[in-house]
Amino acid sequence: MSTPRIEVDLNKIRDNTRTVVERLKTRGISVTGVTKAVCGLPAVAQAMLDGGAVGLADARIANVRKLRAAGLTCPITLIRTPMLSQVDQVVQSCEVSYNTEIVAIAALAAAAIRRGRVHGIILMVEMGDQREGILPENLGAIAQQVVQMPGVALKGIGANFACLSGIAPTAATMSDLCDLANETEGRCGPFIETVSGGNSSNLPLVLSDPSISRINDLRVGETILLGVDPVSGDRLKGLHADAFTLIAEVIETESKPVPSPDCLVDAALIRRLRLVSNGDDATRVILAIGHQDTDISGLSLPLGCTLIGATSDHLVISAHQKRPQVGSEMRVRMNYSALMQAMAAPDIETKLLHDWAITQVPPPRTKVQRLALI
């Protein structure tokens, strides 16, 4: 079997989606499955839909077009502010897009009119992440312009957390977002259908605070794909954390002398060599994968293995247990950053496990596990 490759267990993605959907349903919150980390892989998108996601979202129009080409007809939202050069494609492929710039919204409106459509607009509000977002004091005026603009329809507002700044959402910021939805309705008239409270980082908060009344949508990617809380990195009880596995091939395995620290100029390398050698010859294993393939710092190596270093094409580890043979495979886990880079790497293949599109016979529905935070 070809290496390097990523094995994707679609049943685990279905289970994770179903668990999150069922738990959020008690709060009146729907789940939009985010596919950007898997580059819009249709099988993963379908697994999210099978698990109960009401629609899909992605940041890149190329990924959305891949989903449409695969025959997916569900609602798809573009969650990165559309580029002016792509507004026609956005209107053609997406029912809704997230926006912050009135010039982009006007271009979307013109494109929608040309196609005889009405494109949905969700306005992103700056609530502390310092990435994209309209300042709260400017939201009402921009919303009013959208309402008066033919070709587009104001569908909702949203916010983003814990992406650029790393600041987690709080009950106060969620309450402020709900207030902004009410104020926008009071100023502009139409009912705000969607109040998107954020991404996977919001799960702990919305599951623990019943007072967040108007939040009715979360954009969930990382938690469904990897079963973790993005803020803490901790696995969420009841979710699978191993839906994705990166498999790399061993191309060399030797015991080599550790260079003297006196020969090194990098203090980080000296500390690393002390960690892996303990003064003895280290059993080194080289895997055929490197910085060009994934985020090496985001890999979790098997028990008994320690990272020595990596170059563009080589991953060098120290193996403290049985030495693997050349040609054998090593399985590693990935965090979100490593997954994103690996899925986009041209030399890494993807193998789908439990793909209903191939078997044509869905397995029996498994019992939903309730989501608990640990």
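The values are calculated or read from the model by the stated rules, or taken from the named source; none is laboratory data. Bear in mind that the values here come from a model prediction, so they are computed numbers and not experimental data. Here the Cβ is made from the backbone with ideal geometry for all residues, glycine too, and neighbour counts use every protein chain on show.
Would you pick out the residues in the range 223-236 that are surrounded by 15 or more Cβ atoms within 10 Å (Cβ to Cβ) and assigned to a loop (DSSP other than H, G, I, E, B)?
Those that are surrounded by 15 or more Cβ atoms within 10 Å (Cβ to Cβ) and assigned to a loop (DSSP other than H, G, I, E, B): G227, D229, P230, V231, L236.
Among the listed residues T77, T17, T73, identify the single one that is modelled with pLDDT of 95 or more, within 17 Å of the chain's Cα centre (by Cα) and not in a helix (DSSP H, G or I).
Numbers: T17 fails: not in a helix (DSSP H, G or I); T73 fails: within 17 Å of the chain's Cα centre (by Cα).
Of the residues listed, the single one that is modelled with pLDDT of 95 or more, within 17 Å of the chain's Cα centre (by Cα) and not in a helix (DSSP H, G or I) is T77.
For the range 294-329, enumerate the residues that are assigned to a strand (DSSP E or B), free of Cβ contacts under 8 Å to residues at least 40 places away in the same chain and out of contact with any helix residue (DSSP H, G or I) (no Cβ under 6 Å at 6 or more places or on another chain).
S300, C305, L307, V316, I317
Between residues in the range 74-99 that are within 12 Å of R60 (Cβ to Cβ) and assigned by TED's automatic domain parsing to the domain that holds I121 and residues that are of a type in the set (K, R) and part of a strand (DSSP E or B), which pairs lie under 9 Å by C-beta distance while being six or more apart or on different chains?
Sorted first by the residue in the range 74-99, then by its partner, the pairs are I79/R219.
Would you pick out the residues in the range 153-193 that are acidic (D, E) and either part of a helix (DSSP H, G or I) or touching a Ser or Thr at 6+ places or on another chain (Cβ under 7 Å) (or both)?
Result: D176, D179, E183, E185.
Filter the range 108-132 for residues that are part of a loop (DSSP other than H, G, I, E, B) and buried (at least 21 other Cβ atoms within 10 Å of the Cβ) and give the result.
To start, the set of residues in the range 108-132 that are part of a loop (DSSP other than H, G, I, E, B) comprises 116-118, 126-132.
Matches in the range 108-132: M127, D129.
One line per residue, one yes/no per condition, for (1) touching a helix residue (DSSP H, G or I) at 6+ places or on another chain (Cβ under 8 Å); (2) over 22 Å from M83 (Cα atoms); (3) not basic (K, R):
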{"position": "Q130", "(1), (2), (3)": "no, no, yes"}
{"position": "G151", "(1), (2), (3)": "yes, no, yes"}
{"position": "D176", "(1), (2), (3)": "yes, yes, yes"}
{"position": "G197", "(1), (2), (3)": "yes, yes, yes"}
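Take the conditions hydrophobic (A, V, I, L, M, F, W, C), out of contact with any helix residue (DSSP H, G or I) (no Cβ under 9 Å at 6 or more places or on another chain) and under 30 Å from S213 (Cα atoms) and apply them to V21. Does it pass?
yes
Can you tell me which of S93, S85 is touching a helix residue (DSSP H, G or I) at 6+ places or on another chain (Cβ under 8 Å), surrounded by fewer than 24 Cβ atoms within 10 Å (Cβ to Cβ) and hydroxyl-bearing (S, T, Y)?
Every option except S93 fails the conditions.
Contact list please: Cβ distance under 8 Å, first residue in the range 116-132 and in the same structural domain as A168 (by TED's automatic domain parsing), second residue basic (K, R) and part of a loop (DSSP other than H, G, I, E, B), pairs at least six apart or on different chains.
E132/R80
When you go through (1) in a loop (DSSP other than H, G, I, E, B); (2) over 30 Å from L10 (Cα atoms); (3) at pLDDT 90 or above one by one for L239, which number turns out not to apply?
The one condition L239 does not meet is (2).
Any residue at all in the range 185-192 that's among the basic types (K, R) and out of contact with any strand residue (DSSP E or B) (no Cβ under 7 Å at 6 or more places or on another chain)?
Within the range 185-192, the first condition is being among the basic types (K, R), and the residues that meet it are 187.
Pick out the ones that are also out of contact with any strand residue (DSSP E or B) (no Cβ under 7 Å at 6 or more places or on another chain) and you get 187.
Looking for residues that are among the basic types (K, R) and out of contact with any strand residue (DSSP E or B) (no Cβ under 7 Å at 6 or more places or on another chain), one finds at least one in the range 185-192, hence yes.
Take the conditions farther than 20 Å from R214 by Cα, at pLDDT below 95 and not acidic (D, E) and apply them to I167. Does it pass? Show your work before the answer.
On the way: farther than 20 Å from R214 by Cα: yes; at pLDDT below 95: yes; not acidic (D, E): yes.
When the stated conditions are applied, I167 passes them.
Which numbered condition in (1) without any contact (Cβ under 8 Å) to a residue 40 or more places away in the chain; (2) farther than 14 Å from D217 by Cα; (3) surrounded by 24 or more Cβ atoms within 10 Å (Cβ to Cβ) is the only one that R65 fails?
Result: R65 fails condition (3) only.
Quick check: is even one residue across the range 130-150 modelled with pLDDT of 95 or more and on the phi > 0 side of the Ramachandran plot?
no
Between a first residue in the range 16-36 that is without any contact (Cβ under 8 Å) to a residue 60 or more places away in the chain and not assigned by TED's automatic domain parsing to the domain that holds I61 and a second residue that is of a type in the set (A, V, I, L, M, F, W, C) and in a loop (DSSP other than H, G, I, E, B), which pairs have beta carbons less than 7 Å apart while being 6 or more apart in sequence or on different chains?
From the range 16-36, no pairs qualify.
Quick check on G198: is it in contact with a strand residue (DSSP E or B) (Cβ under 7 Å, 6 or more places away or on another chain), of a type in the set (G, A, S), outside any loop (DSSP other than H, G, I, E, B) and in the same structural domain as A47 (by TED's automatic domain parsing)?
no
Looking at the range 49-59, is at least one residue at pLDDT 95 or above, closer than 28 Å to G116 by Cα, of a type in the set (A, V, I, L, M, F, W, C) and part of a strand (DSSP E or B)?
Scanning the range 49-59 turns up at least one residue that is at pLDDT 95 or above, closer than 28 Å to G116 by Cα, of a type in the set (A, V, I, L, M, F, W, C) and part of a strand (DSSP E or B).
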